[in-house]
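Shown next, in C-alpha cells, is the structure this report addresses.
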Amino acid sequence: MNPKLTSICDICISRGLDPQDYDNKVIQDVAQVMLYGFLGKRTSSNQWKDREFLVKSDVRKRYEGFIQDYDGNEVALQQVKRSDFNEAIIASEDGEVNYVPGNNVDFAINMEKLGVPVDFSLNEVDYIDRERVRRKYNYRCQYCGRKGKSVDHKNPVSLSHDNSMDNLILSCSECNRIKSNMPYDLFIKLNNQLTNVNKKLVKYEDTLSNLKEQFQQAKRNLAAQVHLKGVVSDPELNAMRKQNKKLQDAIDSLESDYDALRQLRKSYFDNSWKLSQEDNSEII
Ligand SMILES: [Zn+2]
C-alpha cells in the first residue's frame, strides 16, 4: 500500500512501523482524491486495480481548483463533511456521477451537481462579523488558549440556524477539527478536564514562536557577518554557527514534545468520544 494512504506519519515509517497496519479510510479517501493522477501503477495487490486512476491533466486541474475552493470555504466545510466531499469527487472521477466540476462554474453549482449541496443562505457570517469575533477574543482560541482565527458556531449552525454573536466563538484550527466530529457539550466537558494540558500547549506555542524568531534573527546576523568579513569560515563565524545549531536543536526538541502533547490531547478526545458512543449503543 502507498504509505501516503495511511494515517501513519513519516516519522513512524522511519521507525520501521508498517503502514499497512494503520490504514485509515478517511486518509485513504483524501489521498485517493488528491493523488488520483499519480497512482497509475496497478498490481495484483493494488486494492483499486479495477478503477481508472489516470485523469487527464486538464481535468485534474479542474478537480484541484474545486478541492481548493472547498478547503477555503468555511460554509461548505461546516455543512459537508470532508469524507462525503471526497466520496463525491471519487464518484465523479470514476464516472459514477456524470459531472466534472468546472473552473468557470459557480462553486455552489459544482457542489450541487456532485450531490453535495450547500445552503449558503443558512450560514453566511459576513467578513466584518468574522473580524469582529476575532478581535473580541483577541485572536485566541477560546478552547485551548492558543492563537486562532476560525470563527466557529457553538451550536452547529445546521441545527440552530443561529448566526448571532452569542453563538459565535473563536477557535484554533486544531480545536476546530477535533470539535467538528463531536457533540459540543461533550467537547466542552472533555476540554474542561484538560486545563493543564491546554496551558502547556499555550506555553509551547509561545516559547516556540519566540525561539523561532530568535533563530531567524541569528541566521540574519550570521549572513550579515559572512558578508562583512568576506570569508566563509573564521573562528567568530564558526562560533555563531555553533550557537545557531544549538538553537535549532532546542527548537526541534521542543517541537517534538509539543507535537507529542498535541497528539495525546487529540487521542484523548477521540477515545473519549468513541467510548461515549459505545456506551450509548449499549443502552440502545
Ligand atoms: Zn484551540
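Coordinate-derived values only; no laboratory data. Everything numeric in this text was worked out from a predicted model, so none of it was measured. Methodologically, a virtual Cβ is constructed for each residue, glycine included, from the backbone with ideal geometry; neighbour enumeration extends over all protein chains shown.
A simple spin-label model places the labels of Asp252 and Lys274 3.2 nm from each other, with each point 7 Å out along Cα-to-Cβ.
Projecting the Cα atoms of Gln263, Ser171, Val226 onto the charge dipole of segment 159-284 (Cβ charges, centred on the Cα centre) puts Val226 farthest toward the positive pole. The length gained by stretching the chain between Ile128 and Met165 to full extension, at 0.36 nm per residue less their Cα-Cα distance, is 12.1 nm.
Annotation: amide H-H contacts under 5 Å for Gln142 (H modelled 1.01 Å from N, sequence separation of 5 or more, or interchain): Leu170, Ser171, Cys172. State which entries of Lys61/Lys179; Lys61/Lys81; Lys154/Lys212; Lys154/Lys199 exceed 26 angstrom in Cα-Cα distance in the structure shown. Over 26 Å Cα-Cα: Lys61/Lys179; Lys154/Lys212.
In terms of its C-alpha gyration tensor, segment 140-284 has a prolate overall shape, because the principal axis ratio a/c (a ≥ b ≥ c, square roots of the eigenvalues) is not below 1.5 and a/b outweighs b/c.
Please identify every one of the GluC sites (Glu not before Pro) in segment 68-145 that sits in a loop by DSSP and has no more than 14 other beta carbons within 10 Å of its own beta carbon.
Within segment 68-145, the qualifying GluC sites (Glu not before Pro) (loop, at most 14 other Cβ atoms within 10 Å) are Glu96, Glu124.
Here the simple spin-label model places points 7 Å from the Cα toward Cβ, and for Lys136 and Val97 these points are separated by 3.5 nm. Based on C-alpha pairs under 8 angstrom that are at least 6 apart in sequence, segment 145-266 has a relative contact order of 25 percent.
One decimal place: the segment Ser209-Ala223 gains 2.9 nm when fully extended, by the rule 0.36 nm per residue minus the C-alpha distance. Our estimate of slack between Ala260 and Val231, defined as 0.36 nm per intervening residue step minus the Cα-Cα distance, is 6.3 nm. In a reduced charge model with +1 at each Lys and Arg Cβ and -1 at each Asp and Glu Cβ, segment 195-283 shows a dipole moment near 540 debye about its Cα centre. Rounded to 0.05, the FRET efficiency of the Lys242 and Gln68 pair, given R0 = 41 Å and the Cβ-Cβ distance, is 0.45.
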